[in-house]
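Please read the structure below before turning to the comments.
The values are calculated or read from the model by the stated rules, or taken from the named source; none is laboratory data. Computed from a predicted structure; not experimentally measured. All Cβ positions, even for glycine, are placed from backbone atoms using ideal geometry, and neighbour counts span all protein chains on display. Ligands, DNA and RNA are stripped out before the accessible areas are found, and what is left, the full protein with its side chains, is counted by its heavy atoms. Shrake-Rupley method; radii C 1.70, N 1.55, O 1.52, S 1.80 Å.
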Amino acid sequence: KRAEQIRAGVLRGMKLERVPEACPLKPIRHSIRQQDGYTVENVAFESLPGFWVTGNLYLPTGTKNADAKVPGVLCPHGHLADNRLIEQTQKRCAALARMGAIVFAYDMIGYGESTQMPHGHSQGARLQTYNSRRAVDFLLSLGNVDENRLAVTGESGGGTQSFLLAATDPRLDASVPVVMVSAAFYGGCTCESGMPIHRSEQHETNNVEIAAS
C-alpha cells in the first residue's frame, strides 16, 4: 500500500499520470564497431514527435543460440564534466554485453548529442523519465530482449533516474541505483529534485523509499 502511495506521488509530481499515445520510434542505427566480445553502435529514436533520444547500443557477440532472448539493461549516466559518456560507463556497458546482455547507454537531456533542450529545464525530470520509458520500448522493439529480464543501472544522477524509472514503470525487473539513494540528499539538480516528487499535499517521501518501492 505504501509503495502504491509513493508511486502515485512520484507520477503526480512529474506530471506523468497521463502521457500521450506513444509515437513511432523511427530508430536510426549506424557506425557499428566490432570489439572483443561485443559490438557498439550509435542509436537515435523519437520519444516524442520531433524529440530524439541518442545513445550507444551494446550487443553481445558469439552467443551459442542466436534466437534466444537475452536480458536488456538501460544505463543512464550521471552529471558529466566533459559532456560525453565517460570511460567507466563504457566499461560497465561493455562488461554487461560480454556477459550476454543487450545494453543501451543513452544521453540525458542537454548531454552528448541530446541538445534539443538544456539540461537545467524545469521539466527535466518529467522528460528524462519519459525518455527512459521509451528506451524500454526501444529495447523491446529489437525483438531479442527478454521482457521478463529488464534492468536499469546508473550512478549519481543516473542512479536517481534508475530508481525513478523502476518505481514508475512496472516492466523493470531489477534496478541498481548507485551513490544516490539518500534520505536527506536529492541531488540538487532540476532533473532530480526540480519537480515535487518527494512532497505534496497527498504524500511525503524520500529517495530511500522511492528506491525501496
Helical mean residue ellipticity (222 nm; -39500 (n - 2.57) per DSSP H run of 4+; nearest 500) of the chain | -9000 deg cm²/dmol
Among GLY154, HIS119, LEU165 the positive-end extreme of the charge dipole of the chain (Cβ point charges) | LEU165
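Compute the normalised compactness of the stretch 10-101: alpha-carbon radius of gyration over 2.2 N^0.38 Å, N being the residue count. Walk me through the numbers on the way to the answer.
Details: Rg = 15.9 Å, N = 92, 2.2 N^0.38 = 12.3 Å.
For the stretch 10-101, the normalised Cα radius of gyration comes out at 1.29.
State which helices in the chain qualify, where a helix is a whole DSSP H run, it must extend 15 Å or more along its own axis by its Cα atoms, and its mean Kyte-Doolittle hydropathy must be at least -0.5. Could the numbers behind the result be given before it?
On the way: long enough: 2-13 (16 Å, -0.43); 87-98 (16 Å, -1.03); 124-141 (25 Å, -0.33); 157-168 (17 Å, 0.59).
Counting only whole DSSP H runs, the qualifying helices are 2-13, 124-141, 157-168.
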Spin-label model distance (nm) - SER122 vs GLN202, 7 Å beyond Cα toward Cβ | 2.1 nm
With +1 at each Lys and Arg Cβ and -1 at each Asp and Glu Cβ, the charge dipole magnitude of the chain around its Cα centre, to the nearest 20 debye, comes out at 180 debye
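Mind listing which trypsin sites (Lys or Arg not before Pro) in the stretch 56-150 are in a DSSP loop and have 13 or fewer other Cβ atoms within 10 Å? Walk me through the numbers on the way to the answer.
Values: sites: LYS64, LYS69, ARG84, LYS91, ARG92, ARG98, ARG126, ARG133, ARG134, ARG149; in loops: LYS64, LYS69, ARG84.
For trypsin sites (Lys or Arg not before Pro) across the stretch 56-150 that sit outside H, G, I, E and B with at most 13 neighbouring Cβ atoms in 10 Å, the list reads LYS64.
Rule-of-thumb check for the chain: C-alpha Rg over 2.2 N^0.38 Å? Please report the intermediate quantities before stating the final value.
On the way: Rg = 16.5 Å, N = 213, 2.2 N^0.38 = 16.9 Å.
For the chain, the normalised Cα radius of gyration is 0.98.
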Would you mind telling me the share, in percent, of accessible area of the stretch 78-181 contributed by carbon and sulfur at probe 1.4 angstrom?
-> 52 percent
Taking the simple approach of a point 7 Å from Cα along Cα-to-Cβ for both GLN35 and THR61, what is their distance in nm?
-> 1.2 nm
What fraction of the DSSP beta bridges in the chain is antiparallel, stated in percent and rounded to the nearest 5?
-> 60 percent
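Could you sort ASP67, ASP169, ASP146, ASP36 by their accessible area in this structure, using a 1.4 Å probe and putting the largest first?
On the way: ASP67 140, ASP169 10, ASP146 30, ASP36 115 Å².
Of ASP67, ASP169, ASP146, ASP36, the descending order of accessible area is ASP67, ASP36, ASP146, ASP169.
When ligands, DNA and RNA are left out and all protein chains stay put, how many square angstrom of accessible area per residue does the chain have with a 1.4 Å probe? Could the numbers behind the result be given before it?
Numbers: 10240 Å² over 213 residues.
Roughly 48 Å² per residue, with all protein chains present.
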Karplus ³J(HN,Hα) for the stretch 20-26 (6.51 cos²θ - 1.76 cosθ + 1.60, θ = phi - 60°; Hz, whole; x = Gly/Pro) runs x, 4, 4, 7, x, 6, 6
Taking the alpha-carbon set of the stretch 138-213, what are its Rg and Dmax in Å?
-> 13.5, 43
